[in-house]
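The values are calculated or read from the model by the stated rules, or taken from the named source; none is laboratory data. Remember, predicted model here, so these are calculated numbers, not experimental data. Positions of Cβ are backbone-derived with ideal geometry, glycine not excepted, and every protein chain shown enters the neighbour counts.
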Amino acid sequence: MARGFAHHSAALSLKHAIVEMDITDGLRFALASVDIVHLRPSGNAPEMRCYAESSSAAGAEVLVAHCLGGLCED
């Protein structure tokens, strides 16, 4: 796992390690599983948007659910 990313993986309830992060337009990270998640604030609404790329639609849905669920937990 890339140094410094372990706590982010745990906070977002991710099964795979974060291997790369980019904060250019929100928070975009690549996982060891080669999936990608992009979190960013909406430009026109008071909400967080989460986009995911995975090898399957079901995999992307799981990533979004885990990330948004991890953000909402106390």
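So the values come out like this:
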| quantity | calculated |
| --- | --- |
| In the range 15-42, residue surrounded by the most Cβ atoms within 10 Å (Cβ to Cβ) [restricted to those that are more than 13 Å from Glu53 (Cα to Cα) and in contact with a helix residue (DSSP H, G or I) (Cβ under 6 Å, 6 or more places away or on another chain)] | Ile18 |
| Every residue from the range 41-74 that is within 17 Å of Leu14 (Cβ to Cβ), modelled with pLDDT of 85 or more and in a loop (DSSP other than H, G, I, E, B) | Ser54, Ser55, Ser56 |
| Complete set of residues in the range 43-58 that are surrounded by 14 or more Cβ atoms within 10 Å (Cβ to Cβ) and farther than 18 Å from Glu20 by Cβ | Met48, Arg49 |
| Complete set of residues in the range 12-24 that are in contact with a strand residue (DSSP E or B) (Cβ under 6 Å, 6 or more places away or on another chain) and either of a type outside the set (Val, Ile, Thr) or closer than 11 Å to Leu63 by Cβ (or both) | His16, Glu20, Met21, Asp22 |
| Of all residues in the range 1-34 being in a strand (DSSP E or B) and among the aliphatic types (A, V, I, L, M), the one that is modelled with the lowest pLDDT | Ile18 |
| Every pair of residues 6+ apart whose Cβ atoms lie under 7 Å, when the first sits in the range 31-57 and is free of Cβ contacts under 8 Å to residues at least 24 places away in the same chain while the second is surrounded by 14 or more Cβ atoms within 10 Å (Cβ to Cβ) and of a type in the set (Ser, Thr, Tyr) | His38/Tyr51 |
